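J.: Quick one: this structure, given as structure tokens, is what I'll be asking you about.
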Amino acid sequence: MAGLFDETSINGMVLKNRLVRSATWEGMCEEDGRPTERLVQFYKKLARGGVALIITGYTFVRPEGKQLPGKMGIHTDDFAPEMKQITKAVHEEGGRICVQLVHAGGQTDSANAGQQPLAPSAIKVEQFAETPKEMSKKDIDEVIEAFGEGARRAKGCGFDAVQLHGAHGYLINQFLSPLTNNREDEYGGSIENRCRFMQEVYRTVRKTCGASYPVMIKLNGSDFLEGGLEISDAVYAAKMLDKEGIDAIEVSGGTPASGEKGAIRTKIVKAEQEAYNLELAKEVRKAVSCPVMLVGGFRSRDVIEKVLNSGVSDYISLARPFIREPGLAKRWETGDMEPARCISCNGCFKPGLKEGGIYCVVEKKEQEKKGGA
């Protein structure tokens, strides 16, 4: 039986438990993507709180792949000093940290990208703010190379792993999804062709980092959109990656256009509302031999342990609960079985836009109320 606080390893990366801080957006970088001291301390606090692996906020590999202000960039060697501060801080606390590599593709806008967004096809869909430019073969080759260069920088700065963002409507997911990919060349049409961009990104990153460096992916099991990626296609992609040697697959689902079935669902207050991507993970688990991570509304240690014991997932990923409680892992390890205090309101993201960094607004209001009492 898999225990929550078992020590495990992923391609040589030793993890002290099965809890992963899933990637999010912190909004704590300079306008050009340079990490700030605030972000260093944010990750340091997470590591001190006992989570085994921190996956950074989604990090753009090219400037036109940027989506939101304050987003981290890994498109230049100039940020190496700050990146090394991050890894040093996390490692000093006994943690491990992985960079999530992303290109937003059509899911950004000209204001953030600095140009017309790029996408597999020049079609406007609900989650795109504007009609993107269809990527040429040259564009595709350059973005693939940028993923490799981002991975090179991550490894060189001491990050323990990299994760490709193949979910939530970003560029890799856009190539996978028939809703956003209507190309008629070798990158479109059949699921084999729609997987080609993802496959070439993975191969470039693997070649750059070597066989002994952990390379993972976050993959949508479904877009939960009519005409979008379905579980059968996701299983095909997962099997392809498993055969290629991917070190772990984190299963997620949804895009910003998926409504109530989006990636960051609200009002998770009951155990039965947790693990909302579980059925997707079951199908991926049956198809692959590599470790599986599962994200999606986990709040209770009981639910987490049931999923781990079922064998569906080897690791459990959470994001918002660690914003409210960076020390959640240690709290659970001491035997405190109370669920995470996160109420899934998504209020934590608003300060990222207005105040230069996310935090739990509910907790802040509670602290202010106590202070004024």
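Just so you know, all these numbers are worked out from the coordinates, no wet-lab data involved. The structure displayed is predicted, hence computed values, not measured ones. A quick note on method: Cβ atoms are made from the backbone with ideal geometry, for glycine too, and the neighbour counts reach across all protein chains shown.
J.: Which residue, of 126, 130, 82, is in contact with a Pro (Cβ under 9 Å, 6 or more places away or on another chain), without any contact (Cβ under 8 Å) to a residue 40 or more places away in the chain, surrounded by fewer than 23 Cβ atoms within 10 Å (Cβ to Cβ) and among the acidic types (Asp, Glu)?
T.: So the residue among 126, 130, 82 that is in contact with a Pro (Cβ under 9 Å, 6 or more places away or on another chain), without any contact (Cβ under 8 Å) to a residue 40 or more places away in the chain, surrounded by fewer than 23 Cβ atoms within 10 Å (Cβ to Cβ) and among the acidic types (Asp, Glu) is 130.
J.: So, of the residues in region 198-234 that are part of a loop (DSSP other than H, G, I, E, B) and among the acidic types (Asp, Glu), which turns out to be farthest from residue 127 (Cα to Cα)?
T.: Per the criteria, the residue is 230.
J.: Among the residues of region 257-267, is any touching a helix residue (DSSP H, G or I) at 6+ places or on another chain (Cβ under 6 Å), of a type in the set (Gly, Ala, Ser) and under 17 Å from residue 166 (Cβ atoms)?
T.: no
J.: While we're here: Restricting attention to region 339-355, which residues are buried (at least 16 other Cβ atoms within 10 Å of the Cβ), closer than 24 Å to residue 30 by Cβ and among the hydrophobic types (A, V, I, L, M, F, W, C)?
T.: Result: 348, 349.
J.: Related question: For region 28-38, does any single residue satisfy the condition of being of a type outside the set (Ser, Thr, Tyr), touching a residue at least 24 places away in the same chain (Cβ under 8 Å), within 22 Å of residue 166 (Cα to Cα) and in a loop (DSSP other than H, G, I, E, B)?
T.: Yes: one or more hits.
J.: Something else about it: In region 165-205, how many are of a type in the set (Gly, Ala, Ser), surrounded by fewer than 19 Cβ atoms within 10 Å (Cβ to Cβ) and in contact with a helix residue (DSSP H, G or I) (Cβ under 8 Å, 6 or more places away or on another chain)?
T.: Total satisfying the criteria: 1.
J.: Of all helices (runs of 4 or more DSSP H) completely enclosed by region 294-351, which ones contain at least 1 residues that are of a type in the set (Val, Ile, Thr) and in contact with a Phe, Trp or Tyr (Cβ under 9 Å, 6 or more places away or on another chain)? First the steps, then the outcome.
T.: Details: elements: 301-310, 320-324, 328-333.
The helices (runs of 4 or more DSSP H) meeting that bar are 301-310, 320-324.
J.: Going through 211, 234, 281 one at a time, which residue ends up being crowded, with 24+ Cβ neighbours inside 10 Å, free of Cβ contacts under 8 Å to residues at least 60 places away in the same chain and not β-branched (Val, Ile, Thr)?
T.: 234
J.: For region 1-27, give me each residue that is free of Cβ contacts under 8 Å to residues at least 60 places away in the same chain and either surrounded by 17 or more Cβ atoms within 10 Å (Cβ to Cβ) or hydroxyl-bearing (Ser, Thr, Tyr) (or both).
T.: Passing the criteria: only 9.
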